[in-house]
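What follows is a single structure, written as structure tokens, with notes after it.
Any read-out appearing in this document is the output of simple, stated calculations on the displayed coordinates, not a laboratory observation. Source: prediction; values computed, not measured. Note that we place each Cβ from the backbone using ideal geometry, even for glycine, and neighbour counts take in every protein chain shown.
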Amino acid sequence: MEDKMTEKLERQVIEIVALDRIDKPISSMSGKLKRRKPKLAKKVNLSDFENHYDGNRVWARVQDDDELKARGLKEGIEKFESKFPKYGRILKGYIEEQRTIRETHLYFGMQDNCKITSSDYLGIMQNLGFSQAISKRLYPELMDISRKLSRKRNEIERSILIG
């Protein structure tokens with residue numbers, strides 16, 4: 001009985017070590033990608049195209065979105081308002097003005113029946129620091145995972161916050 005418990009514990013710790021070792025390079029690469037996307041998106045200048053580009057293979061548009069952002073002060077304000085109703089209403093008004101913020105997003109996607117080529121992907125991978133040989137070896141696996149994930153998401157467009 002003890003051998004099975006020891007074996008189970010050994011297997012669990014091995015799994016944690018393996019997960020941790022896999023997590024490091026994937027997290028590092030993910031961090032690089034997450035930092036690079038907004039920087040690149042901010043460089044996309046659609047002002048000459050009335051903030052909408054409709055190319056042969058891809059499209060993009062810049063759009064301002066107004067969103068209400070919660071600030072997490074609701075209870076404190078209610079307490080303040082119960083003690084000082086006049087000032088509480090004024091404070092609520094000020095907060096409502098500040099809650100509506102304007103965000104600018106770059107929306108983008110592929111034209112129907114168009115694809116990103118393998119050379120496009122391989123170039124990006126090499127720009128991220130992969131050698132040509134490693135890029136070619138990783139490409140088929142990454143594309144397989146990407147296709148499976150995109151089928152589940154069924155997204156037509158994506159966006160990146162640019163301002």
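Extending 7 Å from Cα along the Cβ direction at PHE49 and again at SER82 yields two label points whose distance is 5.5 nm.
Where in the chain is the longest stretch that carries no GluC sites (Glu not before Pro) classed as loop by DSSP and with at most 13 other Cβ atoms within 10 Å? If you can, show how the numbers build up before the last one.
Values: sites that count: GLU50, GLU155, GLU157.
By the stated rule (loop sites, at most 13 other Cβ atoms within 10 Å), 51-154.
What is the sum of charges, Lys and Arg at +1 and Asp and Glu at -1, for the other residues whose Cβ falls under 11 Å from the Cβ of LYS8?
Counting the neighbours of LYS8, the net charge comes to -3.
Annotation: aspartates and glutamates with alpha-carbon distance below 18 angstrom to LYS86 (same-chain offsets under eight excluded): GLU75, GLU78, GLU96, GLU97.
Which of the three applies to segment 119-163, rounded, prolate or oblate, going by the alpha-carbon gyration tensor with a ≥ b ≥ c and a/c under 1.5 meaning rounded? It comes out oblate by the Cα gyration axes. Sites listed here are trypsin sites (Lys or Arg not before Pro) in segment 89-156 whose DSSP assignment is loop and whose Cβ has at most 15 other Cβ atoms within 10 Å: LYS115. Put in line by how crowded their Cβ is, counting other Cβ atoms within 10 Å and starting with the fewest, VAL13, VAL44 read VAL13, VAL44. The slack in the chain from TYR94 to LEU128, taken as 0.36 nm per residue of separation less the alpha-carbon distance, amounts to 7.7 nm.
How large is the dipole of segment 95-135 about the Cα centre if only Lys and Arg carry +1 and Asp and Glu carry -1, each at its Cβ, rounded to the nearest 20 debye? Working shown, then result.
Working: 3 positive and 5 negative charges, 33 e Å.
Here segment 95-135 has a charge dipole of around 160 debye.
Between LYS148 and TYR121, the modelled labels are 1.4 nm apart [label points 7 Å from Cα along Cα→Cβ]. Ranking of TYR107, TYR87 by neighbouring Cβ atoms within 10 Å, starting from the fewest: TYR87, TYR107. Taking the fewest neighbouring Cβ atoms within 10 Å as the starting point, the ordered list for ASP144, ASP3 is ASP3, ASP144.
In the chain, the calculated helix contribution to ellipticity at 222 nm averages -21000 deg cm²/dmol per residue, counting -39,500 (n - 2.57) for every DSSP H run with n ≥ 4. For LYS148, the lysines whose Cα comes closer than 16 Å to its Cα, not counting residues fewer than 8 places off in the same chain, are LYS115. Within a Cβ distance under 14 Å of SER119, other residues only, what is the Lys/Arg minus Asp/Glu net charge? Net local charge, SER119 excluded: +2. A Förster radius of 41 Å combined with the Cβ-Cβ distance from GLU157 to GLU2 puts the calculated FRET efficiency at roughly 0.10. Each principal axis of the Cα cloud of the chain was evaluated for its coordinate range; sorted largest first, these ranges are 67, 65, 27 Å. Here the calculated FRET efficiency for ASP112 and ASP23, from their Cβ-Cβ distance with R0 = 35 Å, stands at 0.40, rounded to the nearest 0.05.
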